[in-house]
Amino acid sequence: ATGVIELATKGALTGTLSVLNNPPLRIMERARRPVDLAEAMTDVQAKVTIPLKNGIQRDEVDYEVAAALTDVSSDSIAEGRILTSPLLHLEGSTSSLAVAGTAALDGVPLTVDWRQPLGEEAANGARVTGTVALNQEALDAFDIPLPQGFIGGNGRGTFDLVLPVNAPPELELTSNLAGVSISVPAIGWSLPAAGTGTLSLEATLGDVPDVEAISLEAPGLSLQGTLDFGDTGAFERATFERVQVADWLDAPVTLTSQKSGAPKLALAGGTFDLRRFKGLGNGSGGGGSTLDLTLDRLIVSDGIALAPIKGQFKLVGSGLSGAFEARVNGETPVRGTLSPANGGTALR
């Protein structure tokens, strides 16, 4: 014979999960999660189908659970972070638990679809997908300390957050940047909040974040690289394999934080076209930055290029100031200086 048990309960989430964790269901045991996963009030409907015999095996038990969770608070769903929500919906079966709805993670608004596999797959941990506010407050909350002023405005991103067992969360984030402003004064580029582009980021959110990949495609700028942070989690270095800025720069770029002033900028290889370089603009924030050049080619005019060129410069106002060594069109050795002049850069 087959028995059907129907449950209708209201009460604290911990008590509800404790009931559902009893034999033969053992929902939380199979999820490898504690019954005190979160604090909330619940309204649960459950249906359990079991054979009426001794020695019931797990695979002989079938169940479906649907619950409304109100006033939710948890620091376990995403370890070390506080998840809150006025209302979430829970669904459970023999293969997985799922929670979906509108919430906030460390105060950052988001929509969530949290799924935890059961049984042997539980060892892989949970996964959360959804959308999240994209602004400076969100970066601060998720411990991704990009350079101050890098991002402004308010937009949204789509995220995929993997929550391994006994390991830091792994984040993938993408956005079309609508409503977000971005500023990179060191190269004289910015994206207004009215503009759009494509941002993608992959990071491990441990005590010190590890940004394994960041990519940005927007009008006038294309870059792909990584971000490095010190032991304290402060921004130390951004390494970009290739940066294309408008029609004047195509080169690998490294930004290194300095204790005082703007970050140090290094270009190693690639092409810099002085004919099309419009400068950084006074008040852009580029003043005080230093630039190390080891370029394959610096185009000076239609018939003259310094190839290769090596030098150290300061970004002064809208131009460059410093000394260099190079070869004219790859042949005659030459030494000289660059200096700001007439809103651009003069070559001596």
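The values are calculated or read from the model by the stated rules, or taken from the named source; none is laboratory data. Computed from a predicted model, the values in this text were never measured in an experiment. All Cβ positions, even for glycine, are placed from backbone atoms using ideal geometry, and neighbour counts span all protein chains on display. Ligands, DNA and RNA are stripped out before the accessible areas are found, and what is left, the full protein with its side chains, is counted by its heavy atoms. Shrake-Rupley method; radii C 1.70, N 1.55, O 1.52, S 1.80 Å.
Across segment 58-156, the relative contact order, built from alpha-carbon pairs under 8 Å that are at least six residues apart, equals 17 percent. With the simple model of a label 7 Å out from the Cα in the direction of the Cβ, Ala178 to Glu91 spans 2.7 nm.
Computed from label points 7 Å out along Cα-Cβ, the spacing between Lys314 and Asp75 is 4.8 nm. For the pair segment 27-44 / segment 239-254, the C-alpha centres are spaced 49 Å from each other.
At full extension, Asn154 and Ala167 could sit 1.6 nm farther apart than now, given 0.36 nm per residue minus the alpha carbon distance. Compactness ratio for the chain: Cα radius of gyration over 2.2 N^0.38 Å (N = residue count) comes to 1.37.
Restricting segment 188-268 to trypsin sites (Lys or Arg not before Pro) that sit in a DSSP loop and have at most 15 other Cβ atoms within 10 Å of their own Cβ leaves Lys259. The accessible surface of segment 167-283, taken with every protein chain in place and a 1.4 Å probe, is 49 percent carbon and sulfur.
Solvent-accessible surface of the chain, averaged per residue with a 1.4 angstrom probe and all protein chains in place: 49 square angstrom.
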